[in-house]
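Below: one structure, written as structure tokens.
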Amino acid sequence: MKLDIVLKKKARIEMLPLIDIVFLLLVFFIYAMLSMSVHRSLPVALPESATAELDTGKSISLTITPGENTHEYTLSLNKDTVTLSALTERLKARAEKNTQETGKKTGVMLFAGKEVDYQTLFKVLDQVRLAGITDVSLQAAAIE
């Protein structure tokens, strides 16, 4: 009888499905890492710079958004609107909290639109300095 004959085949490990799964996992983790980037500022049209670099440290985002008139502006501290007079106290509180959490000195990332005048920028920088923060990073958009 032919039923008595048992065909013995060597076991094969198919590599193509394994490679497909590995690439799918790779794409998933790359996409997950890109979506984990933290942006705490508001969208602003930044000035361009040929030497701009990415700052990945734990910093406080401070955004100056120009208003309707040339001398009007809105300050946002990590997306929370704040007045210029209250800026120093809020910065001190956030800097102390960040320093306790990380053990490192806290810096400020300053996002100012192209339309913000020089005097407004210096008013804000004075308040940052009064809060005891000396590490200020002016943000710019990289030229491609």
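A few notes on this one:
- Check on Leu25, surrounded by 10 or more Cβ atoms within 10 Å (Cβ to Cβ), at pLDDT 70 or above, in contact with a Ser or Thr (Cβ under 8 Å, 6 or more places away or on another chain) and not in a loop (DSSP other than H, G, I, E, B): no
- Of all positions in segment 112-124, at least one carries a residue that is under 18 Å from the mean Cα position of the chain (by Cα) and either surrounded by 15 or more Cβ atoms within 10 Å (Cβ to Cβ) or modelled with pLDDT of 85 or more (or both).
- Residue within segment 56-68 that is of a type outside the set (Asp, Glu), assigned to a loop (DSSP other than H, G, I, E, B) and modelled with pLDDT of 80 or more present: no
- Identity of the residue in segment 130-139, over 21 Å from the mean Cα position of the chain (by Cα) and not in a helix (DSSP H, G or I), that ends up surrounded by the most Cβ atoms within 10 Å (Cβ to Cβ): Ala131
- Of all residues in segment 70-112, those satisfying the criterion of being touching a Leu at 6+ places or on another chain (Cβ under 8 Å), without any contact (Cβ under 8 Å) to a residue 12 or more places away in the chain and assigned to a strand (DSSP E or B) are Thr81, Val82.
- Among the conditions (1) surrounded by fewer than 14 Cβ atoms within 10 Å (Cβ to Cβ); (2) touching a Ser or Thr at 6+ places or on another chain (Cβ under 9 Å); (3) at pLDDT 85 or above, the only one that Gln127 does not satisfy is (1).
The values are calculated or read from the model by the stated rules, or taken from the named source; none is laboratory data. Since the model is a prediction, treat every value here as computed from it, not as a measurement. Positions of Cβ are generated from backbone atoms using ideal geometry, with glycine treated the same way; all protein chains shown enter the neighbour counts.
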